[in-house]
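Heads up: the structure comes next, in structure tokens.
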Amino acid sequence: MRSISYRIYRVIAVVGLISLVAMFVSTTLVNEDLEDTMLRVELAQEREFFLAQGFDASRPLLFQGPGITRVYRPAEQGHIGSDADVLPAIFEGLSLGFMGEISRDDRTYLVSVSTVSGGTLYLARDITHFEEREWLFRMAILVVGVLVGLLVVVLSVLGARRVVQPLSELAERIQRLPVGPSIDRLPGHWQDAELQTIAGAFNDFVTELEAYVRREKSLLALASHELRTPIAIITGALDILEQRGGLSAADQATLGRIRRAADEMQSNVRVLLALARKSDDEDNVAGPVSLATEIHGVLEGLATDFPIASRVTFNASGPGQVCADPVVVRMLLRNLIQNALQHTARRIYIALHNDVVEVRDEGPGLNPVAQDILQGKQDLASGSGPVSGLGLYLVTLMVERLGWRLDLAQTTSSGTTVRVGPRDSAFFSDHAVNEQHNNGADN
């Protein structure tokens with residue numbers, strides 16, 4: 001990903017280099033045009049001078065001065081080059097009306113062949129000195145252009161850093177802000193108006209965010225009473241109905257479904273409140289946890305509602321000792337196993353690989369929405385329609401709370417496999433290497 005400083009540097013450098021190229025080309029063209037104009041004017045002046053001084057149109061003339069050669073050929077002398085003694089080698093092979101630069105013996109001449117009354121006038125101006133000066137001029141422009149180009153690159157780098165430095169400082173200040181119930185604000189005064197606008201917008205955002213969090217906490221505090229009280233009333237009423245007796249078998253089955261629903265509701269409320277509060281009570285302090293012991297405890301607790309002995313198979317390669325919040329670990333395992341039991345009537349296989357728990361069922365597999373929830377690609381408030389994945393969503397929240405990793409290893413029509421455990425577990429890295437090796441072998 002390219003930074004803003006790189007983009008600024010690139011723009012400044014490109015503009016500077018384009019300006020240098022344009023300056024070099026324009027200067028060269030202007031210099032050549034000026035030189036050509038001056039020399040052509042000189043040839044025209046030489047021609048006018050020759051005509052003005054008077055001459056015998058019937059006799060050939062030859063004049064060779066410093067830098068100038070002038071030859072007159074009467075018309076009756078014949079074609080150009082017929083008389084080698086009179087016509088210099090400079091003009092050999094040139095036709096009437098020619099005007100331009102030629103090279104002869106490492107010398108450069110500007111030559112003009114024109115018709116005058118009674119014959120042909122040959123003019124040659126030695127411009128070797130001008131050509132050498134022009135070459136030196138171009139080299140000087142090139143050297144200056146290279147130096148200026150290097151200066152442009154250096155200044156563009158320094159300028160880009162200077163422009164981006166306040167923005168980088170603002171980003172570093174935002175990164176250093178501690179995340180907590182109360183977030184510090186950014187300074188309100190900045191040297192640049194744009195940064196001050198950004199800082200003000202960020203402070204306003206933090207203020208709104210804190211107000212939102214306070215409202216959520218107030219709602220959860222209210223829910224801790226408003227939700228628990230009706231559930232407790234429902235549970236107590238169910239106990240009274242069971243104590244009275246006299247219920248038919250169908251009524252007892254209905255009563256059992258109501259109790260299971262109330263217990264599930266109470267469990268979900270307890271988990272949501274525990275996750276939302278994120279309290280620092282002693283019960284929530286991280287400590288040594290045996291995953292095998294916790295799984296056995298969860299299975300014993302679920303045995304009152306599910307035929308654990310006939311449906312669940314648990315294999316452990318060790319105690320699975322981890323350091324984590326025992327309350328959250330217990331809730332995570334309970335929700336993960338209970339969700340598998342609720343959504344399939346077939347067998348459930350639980351395996352403990354050192355510190356990673358694997359739960360595999362023989363159900364029909366997860367639908368795309370449930371898969372997105374489990375993989376963290378969607379939450380229950382995404383607006384994609386009604387979702388019955390509260391249990392899975394709670395699992396993702398608890399995994400996030402523990403700082404663990406969740407892998408959806410498989411979800412097909414023959415079953416679903418989910419793995420949870422610490423992010424730094426060797427099982428995840430070894431399993432990833434094995435999968436890459438197997439994929440390479442298949443290819």
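The values are calculated or read from the model by the stated rules, or taken from the named source; none is laboratory data. Note that the structure is predicted; figures quoted are calculated from it, not measured. Positions of Cβ are generated from backbone atoms using ideal geometry, with glycine treated the same way; all protein chains shown enter the neighbour counts. What goes into the accessible areas is simple: the full protein's heavy atoms, side chains included, and nothing from ligands, DNA or RNA. Shrake-Rupley method; radii C 1.70, N 1.55, O 1.52, S 1.80 Å.
Residue pairs whose Cβ atoms lie under 9 Å apart, separated by 6 or more positions or on different chains, with the first residue in region 186-213 and touching a residue at least 40 places away in the same chain (Cβ under 8 Å) and the second small (Gly, Ala, Ser) and open to solvent by 100 Å² or more (accessible area, probe 1.4 Å), do not occur.
Scan region 324-345 for residues that are modelled with pLDDT under 85, not acidic (Asp, Glu) and not in a helix (DSSP H, G or I) and jot them down. Across region 324-345, the qualifying residues are 343, 344, 345. Taking region 205-234 as the range and being more than 30 Å from residue 259 (Cβ to Cβ), open to solvent by less than 100 Å² (accessible area, probe 1.4 Å) and either at pLDDT 80 or above or among the β-branched types (Val, Ile, Thr) (or both) as the test, the residues that pass are 206, 207, 209, 210, 211, 213. The residues of region 403-416 that are open to solvent by less than 60 Å² (accessible area, probe 1.4 Å) and within 24 Å of residue 325 (Cα to Cα), listed by number, are 403, 404, 406, 407, 408.
To keep it simple, each residue is scored yes or no on (1) over 53 Å from the mean Cα position of the chain (by Cα); (2) among the β-branched types (Val, Ile, Thr).
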position	(1), (2)
91	yes, no
108	yes, yes
112	yes, no
121	yes, no
130	yes, no
142	no, no
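Taken over region 149-176, the criterion of being among the aliphatic types (A, V, I, L, M) and touching a residue at least 60 places away in the same chain (Cβ under 8 Å) is satisfied by 152, 153, 155, 157, 160, 163, 164, 167.
Run down 10, 70, 40 and say which single residue is closer than 30 Å to residue 153 by Cα and either open to solvent by less than 70 Å² (accessible area, probe 1.4 Å) or assigned to a helix (DSSP H, G or I) (or both).
Values: 70 fails: closer than 30 Å to residue 153 by Cα; 40 fails: closer than 30 Å to residue 153 by Cα.
Going through 10, 70, 40 in turn, the sole match is 10.
For region 58-67, which residues satisfy the criterion of being exposed (fewer than 13 other Cβ atoms within 10 Å of the Cβ) and in contact (Cβ under 8 Å) with a residue 24 or more places away in the chain? Let's see the steps before the verdict.
Just the residues of region 58-67 that are exposed (fewer than 13 other Cβ atoms within 10 Å of the Cβ), to begin with: 58-59, 63-66.
Hits for region 58-67 are 58, 64.
Which count do you get for residues in region 105-136 that are under 16 Å from residue 48 (Cβ atoms) and polar (S, T, N, Q)? Of the residues in that region, 4 qualify. Only one of these conditions is not met by residue 53: (1) modelled with pLDDT of 80 or more; (2) open to solvent by 40 Å² or more (accessible area, probe 1.4 Å). Which number is it? So residue 53 meets the others, but not (1).
For residues that are without any contact (Cβ under 8 Å) to a residue 40 or more places away in the chain and part of a helix (DSSP H, G or I), scanning just region 45-57, find the one that is nearest to the chain's Cα centre (by Cα). Steps first, please.
Initial filter on region 45-57 (without any contact (Cβ under 8 Å) to a residue 40 or more places away in the chain): 45, 48-49, 52-56.
In the following step, the residues that additionally are part of a helix (DSSP H, G or I) were identified as 45, 48-49, 52.
On the way: 45: 68, 48: 72, 49: 74, 52: 78 Å.
If we take residues in region 45-57 being without any contact (Cβ under 8 Å) to a residue 40 or more places away in the chain and part of a helix (DSSP H, G or I), then 45 is nearest to the chain's Cα centre (by Cα).
Scanning region 195-204 for residues that are under 24 Å from the mean Cα position of the chain (by Cα) and either more than 24 Å from residue 165 (Cα to Cα) or surrounded by 14 or more Cβ atoms within 10 Å (Cβ to Cβ) (or both) returns 195, 198, 199, 202.
For region 422-438, does any single residue satisfy the condition of being more than 26 Å from residue 286 (Cα to Cα), open to solvent by less than 70 Å² (accessible area, probe 1.4 Å), modelled with pLDDT under 80 and of a type in the set (Asp, Glu)? Looking through region 422-438, none of the residues is more than 26 Å from residue 286 (Cα to Cα), open to solvent by less than 70 Å² (accessible area, probe 1.4 Å), modelled with pLDDT under 80 and of a type in the set (Asp, Glu). For region 341-353, filtering for residues that are more than 20 Å from residue 424 (Cβ to Cβ) and open to solvent by 10 Å² or more (accessible area, probe 1.4 Å) leaves 7. Return the pairs, sorted by first residue and then second, in which the second residue is aromatic (Phe, Trp, Tyr), the first residue lies in region 16-33 and is farther than 16 Å from residue 150 by Cα, the beta carbons are less than 8 Å apart, and the residues are 6+ apart or on different chains. Matching pairs, first to second residue: 31/137.
When region 302-323 is limited to residues that are part of a strand (DSSP E or B) and under 16 Å from residue 359 (Cα atoms), the one that is most open to solvent (accessible area, probe 1.4 Å) turns out to be 315.
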